[in-house]
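The values are calculated or read from the model by the stated rules, or taken from the named source; none is laboratory data. It should be emphasised that the depicted structure is a prediction, and the values quoted were computed from it without experimental measurement. Note that we place each Cβ from the backbone using ideal geometry, even for glycine, and neighbour counts take in every protein chain shown.
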Amino acid sequence: MKTTADLVGQDLHGKRVLVRSDLNVPLDDAKNITDDGRLRASVPTIKALTAAGAAVIVVAHLGRPKGSPDEKYSLKPVVTRFSELLGQDVKFAEDTVGDSAKAVVAGLQDGEIALLENLRFNAGETSKDDAERGAFADQLAALADFFVSDGFGVVHRKQASVYDVATRLPHFAGGLVGAEVEVLKRLTEEPQRPYAVVLGGAKVADKLAVIANLMKTADRLIIGGGMAYTFLKAQGYEVGTSLLDPEKVETCAAYLKEAEAQGVEIVLPVDTVISPEFSDQVETKIVPSTEIPSDWMGLDIGPKTRELFAAKIVESKTVFWNGPMGAFEMAPYSGGTKAIGQALVDATASGALTVVGGGDSAAAVRQLGFTDDQFGHISTGGGASLEYLEGKTLPGIEILDN
């Protein structure tokens with residue numbers, strides 16, 4: 001796989017480089033960026049290219065528009081902060097491959113940067129039809145001389161800007177993608193042991209395939225968040241009105257038996273912060289996880305669980321974490337997620353490789369006051385990381401190897 005280092009080793013003056021970044025940042029109702037982590041992660045590759053003399057054309061998506069322009073998902077709110085982080089003005093095109101994009105690209109001088117409007121305003125970007133996707137990729141490729149894939153959060157998607165453009169231009173892995181793949185290889189190829197995987201979040205179904213594959217490599221699986229209640233139900237316990245996937249109870253029961261047979265430790269919550277409703281304005285209690293009342297719901301792991309999970313994490317040499325332990329956005333239910341974050345910080349200080357697996361986990365650690373440099377690595381791609389750990393082939397990585 002060729003990398004940006006191979007590309008910037010040559011004189012790029014007079015050349016245009018199309019960079020697929022991941023700028024899918026969260027915005028509040030006033031269109032303010034609430035977490036700029038993905039923007040910051042995209043900066044080093046772009047700066048390396050401009051330093052080598054290239055005119056850089058950045059393409060990205062925001063949200064899930066339906067293949068046509070939608071002001072709600074415009075990338076315009078990103079431009080100001082992106083310019084600040086890059087230390088220069090970023091020109092903005094009002095479309096992706098139309099007249100505005102062509103004019104902006106044509107006017108770029110060496111070392112300048114343009115951001116094109118949301119890729120997903122074009123149906124060809126995400127089309128399942130190879131011809132439609134390919135036609136859009138042709139338009140993107142016509143804008144540049146080289147292609148750099150630096151949006152790790154989308155490499156698990158066979159999309160025009162991720163996969164098809166790479167078949168049409170000389171292609172390179174950006175620094176971010178290269179770093180992500182290197183870390184994931186360390187997690188899957190002879191990780192230092194003990195190897196702990198911490199899984200949380202709302203939906204157990206999203207993580208079952210990961211659990212199945214990780215039972216071949218991890219020493220312990222620490223399970224919290226909404227997904228823990230399906231496992232508790234599989235053990236025969238009442239979980240009240242907590243999040244539950246009834247269709248996956250039997251699967252979870254089978255995984256518990258399989259883990260025991262393989263000598264993989266599955267660690268579940270021993271106590272739970274419960275509430276009569278999903279709100280931060282009502283009474284909360286802490287109860288054993290085996291004694292959740294039928295009309296209450298679990299919304300965070302309890303203090304004993306936090307200590308248990310933290311002890312398992314700190315004694316590990318490799319830790320991967322994906323998914324919060326509770327409804328961390330609300331103060332009464334943020335303690336569990338914060339405790340896991342602190343445990344990873346402590347493990348990092350002790351020499352462990354700690355990886356925060358993108359998505360809600362990355363947002364949570366920043367919201368709760370942690371800094372990126374307190375962890376071994378904060379991934380920019382939750383879904384891509386999980387699919388890699390499932391053992392799946394990622395189209396956007398596979399094509400870079402060709």
**Asked** Only one residue in Lys248, Lys312, Lys257, Lys338 is more than 22 Å from Val204 (Cβ to Cβ), of a type outside the set (A, V, I, L, M) and not in a strand (DSSP E or B). Which one?
**Response** Lys338
**Request:** Could you list, in sequence order, all residues of region 389-401 that are touching a residue at least 40 places away in the same chain (Cβ under 8 Å) and either in a loop (DSSP other than H, G, I, E, B) or of a type in the set (Ser, Thr, Tyr) (or both)?
**Result:** Gly391, Lys392, Leu394
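Where in region 19-129 are the helices (runs of 4 or more DSSP H), entirely inside, with at least 2 residues that are within 25 Å of the chain's Cα centre (by Cα) and within 25 Å of His156 (Cβ to Cβ)?
37-51, 76-86, 123-126
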**Asked** In region 266-279, is there at least one residue being small (Gly, Ala, Ser) and not in a strand (DSSP E or B)?
**Response** yes
**Message:** I'm checking my understanding of the structure. Among residues of region 341-361 that are part of a helix (DSSP H, G or I) and in contact with a helix residue (DSSP H, G or I) (Cβ under 6 Å, 6 or more places away or on another chain), which one is nearest to Pro194 (Cα to Cα)?
**Reply:** Ala347
**Complete:** Within region 130-156, the residues that are surrounded by fewer than 23 Cβ atoms within 10 Å (Cβ to Cβ) and assigned to a strand (DSSP E or B) are Phe146
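Could you list, in sequence order, the residues of region 48-72 that are surrounded by fewer than 18 Cβ atoms within 10 Å (Cβ to Cβ) and of a type outside the set (A, V, I, L, M)?
Within region 48-72, Gly53, Gly63, Arg64, Lys66, Gly67, Ser68, Pro69, Asp70, Glu71, Lys72 qualify.
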**Request:** Only residues that are closer than 13 Å to Asp36 by Cα and either touching a strand residue (DSSP E or B) at 6+ places or on another chain (Cβ under 6 Å) or not in a helix (DSSP H, G or I) (or both): list them for region 366-377, please.
**Result:** Thr371, Asp372
**Request:** Confirm whether Ser316 is touching a Phe, Trp or Tyr at 6+ places or on another chain (Cβ under 8 Å), among the polar types (S, T, N, Q) and either farther than 30 Å from Ser350 by Cα or surrounded by 16 or more Cβ atoms within 10 Å (Cβ to Cβ) (or both).
**Result:** yes
**Prompt:** Which residue pairs have Cβ atoms closer than 6 Å, lie 6 or more positions apart in sequence or on different chains, and pair a first residue in region 360-388 that is under 17 Å from Glu180 (Cα atoms) and modelled with pLDDT of 90 or more with a second residue that is polar (S, T, N, Q) and assigned to a helix (DSSP H, G or I)?
**Reply:** Phe375/Thr348; Gly376/Thr348
**Request:** Check Ala173 against each of (1) surrounded by fewer than 22 Cβ atoms within 10 Å (Cβ to Cβ); (2) within 27 Å of Ser361 (Cα to Cα); (3) modelled with pLDDT of 95 or more and name the one condition it does not meet.
**Result:** (1)
**Asked** more than 12 Å from Gly224 (Cβ to Cβ) and surrounded by fewer than 20 Cβ atoms within 10 Å (Cβ to Cβ), is that true of Thr348?
**Response** yes
**Message:** Can you find a residue that is in a helix (DSSP H, G or I) and more than 20 Å from Asp271 (Cβ to Cβ) anywhere in region 229-239?
**Reply:** no
**Item:** Residue under evaluation Lys304, criteria (1) closer than 30 Å to Glu189 by Cβ; (2) in contact (Cβ under 8 Å) with a residue 12 or more places away in the chain, criterion not met
**Value:** (1)
**Complete:** Of those in region 15-60 that are among the basic types (Lys, Arg) and under 18 Å from Asn118 (Cα atoms), the residue modelled with the lowest pLDDT is Arg38
